[in-house]
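First the structure, in the form of structure tokens, and then the observations on it.
The values are calculated or read from the model by the stated rules, or taken from the named source; none is laboratory data. In this text the structure is predicted, and so the values were computed from the model without any measurement. So basically every Cβ, Gly included, is an ideal-geometry build from the backbone, and we count neighbours across all protein chains shown. Please note that ligands, DNA and RNA were not included when accessible areas were found on the heavy atoms of the full protein model with its side chains. Shrake-Rupley method; radii C 1.70, N 1.55, O 1.52, S 1.80 Å.
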Amino acid sequence: MVVWNELAQGMRCIRCGNQYSLQLYPEGCLSCRQEGAPASLTVRYRQISRHARDRLPFSDYPDGGASDTPLVQLPELAERYGIGKVWLKQEGNNPTGSHKDRMSPLVIAHALSEQKHRLVIASSGNAGVSLAYYAHQVGLSCTVIMAGDISSQVRHALTKWGAVLVKTEDSASRWEKMKQLVYEEGYYPATNFAVPPVGSNPFGVQGYKTVAYELAASAPDYVLVPTARGDLLWGIYEGFCELLAIGQIEKMPKLIAVEPFPRLTRVFAGEPYTAQFTGNTSLHSIAGGTVTYQAAAAVDRSGGTAIAVSDQQAIHAQEEARSWGIPLERSAASVIAALDRLASIVSLTEEDTVVLVGTSRGEWIL
């Protein structure tokens, strides 16, 4: 059953503020795209409720049990860097093993509200597995478009949940195929396919606000987030904005975007966010040569920064986490490596609290 939240009034561009009706605009703000400055839309609410459920676009939807993931202390890192507290948010404890389980149910909910029965997503890992799982629960078709090869583990999970797999040569052709399915065949899109890109489905991105809600009690000063096009980063930022507005937190945490090679780092040095950025990496979940306005805005507006982490640094961090009994995907482990860099550029103290968002276990045994 899907029930709209009566407080949801429409959509709003996060860049120019233009308002739109309450529906999906797959390529983001129409005005900003015409200007050559593409930007995402977000859901606009009549008021910000004190009840977390009333800050999501649907008041009733098949959520599948995501959220309320563990927040565990890492005393080894706190002692190493002289920080008051270091926490790890274990998003790998979600049903399919990643933070994507916060997005998929709301994507499904909006598709159902629009009476769409065929979903499509561009993914080679976590997002595809998650959407396939939730689509299967409600009897919807899910097509996953992937660029290049995928691991046998991911393939097993996707086929187990009945996903249709489509392979393309590269990311550009993957997005072109997705665009064709959306505009010519009526598929419902879960992720971006526009060039230059915007974020994923804005109804789904709303689900990432719940990470901020769950972090409120820990009062973090810094939150480190593995970042590609910034869906999770923006959702966390927007969630903290709402908590500030209702007085549940006293300050905005600084959001740190962790990337596999300089992209946002170069944007903050003056390059346009619509540019292409080159770099090789094995951190596949946060790979890609593009960034988005939402990613840059979340970092800038929170007073944060971007930190690039090498493959070797992420591998070392992954091994260290494993020694603590914590399984993390290599991309997720990048936040541990990034803390070392953060400590070298910011004067962290015993008064500070740092949260590392461990986005995925890297295991899809469902």
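Of the solvent-accessible surface of the chain, computed with a 1.4 Å probe and all protein chains present, 46% belongs to carbon and sulfur.
Mean residue ellipticity at 222 nm, helices only, the chain: -10000 deg cm²/dmol; runs of at least 4 DSSP H residues each add -39,500 (n - 2.57), and the sum is divided by the number of residues.
Give me D for the range 230-357 in µm² s⁻¹, whole number, from Stokes-Einstein with Rh from the Kirkwood sum over alpha-carbon pairs, 37 °C and 0.692 mPa s. My calculation gives 212 µm²/s for D. Counting heavy atoms of the protein chains alone, ARG33 has an accessible area of about 60 Å² for a 1.4 Å probe.
Based on the Kirkwood approach, the hydrodynamic radius assigned to the range 1-134 is 17.3 Å, with every pair of different Cα atoms included.
Using a probe of 1.4 angstrom and keeping all protein chains present, the accessible surface of the chain works out to 40 square angstrom per residue. Taking 28 Å as the limit for the C-alpha separation, the pairs LYS177/LYS209; LYS116/LYS177; LYS179/LYS254; LYS100/LYS177; LYS167/LYS209; LYS100/LYS254 exceed it in the case of LYS177/LYS209; LYS179/LYS254; LYS167/LYS209. Sorting 120-127, 232-239 by their mean Cβ neighbour count within 10 Å, with the most densely packed peptide first, gives 232-239, 120-127. When the convex hull of its Cα atoms is viewed from all sides, the range 1-57 shows a mean projected area of 4.3 nm².
Using a probe of 1.4 Å on the protein chains alone, the accessible area found for ILE345 is around 80 Å².
The peptide list 42-53, 96-107, 194-205, 129-140, put in order of mean Cβ contacts within 10 Å with the highest first, becomes 96-107, 194-205, 129-140, 42-53.
Counted residue by residue at 0.36 nm each, then reduced by the alpha carbon distance between them, the extension gain from ARG301 to GLN9 reaches 102.7 nm. In terms of packing, defined here as the mean over residues of other Cβ atoms within 10 angstrom, the peptides 14-21, 296-303 line up highest first as 296-303, 14-21. Overall form of the range 317-366: prolate. Here a/c, set by the Cα gyration tensor axes a ≥ b ≥ c, is 1.5 or more, and a/b is the larger of a/b and b/c. Annotation: amide H-H contacts under 5 Å for TYR187 (H modelled 1.01 Å from N, sequence separation of 5 or more, or interchain): VAL182.
For the range 131-232, rounded, prolate or oblate, judged on the Cα gyration tensor with a ≥ b ≥ c (square roots of eigenvalues), a/c < 1.5 rounded, else prolate if a/b > b/c? It comes out prolate by the Cα gyration axes.
With a ≥ b ≥ c taken as the square roots of the eigenvalues of the C-alpha gyration tensor of the range 127-176, please select rounded if a/c is under 1.5 and otherwise prolate if a/b is larger than b/c or oblate if it is not?
Details: a/c = 2.74, a/b = 1.58, b/c = 1.73.
Note, shape of the range 127-176 comes out oblate.
Solvent-accessible area of GLU350, all protein chains in place: 150 Å² (probe radius 1.4 Å, heavy atoms, ligands and nucleic acids excluded). To the nearest µm²/s, what D does Stokes-Einstein give for the chain at 37 °C and 0.692 mPa s, using the Kirkwood radius over alpha carbon pairs as Rh? Roughly 162 µm²/s, to the nearest whole number.
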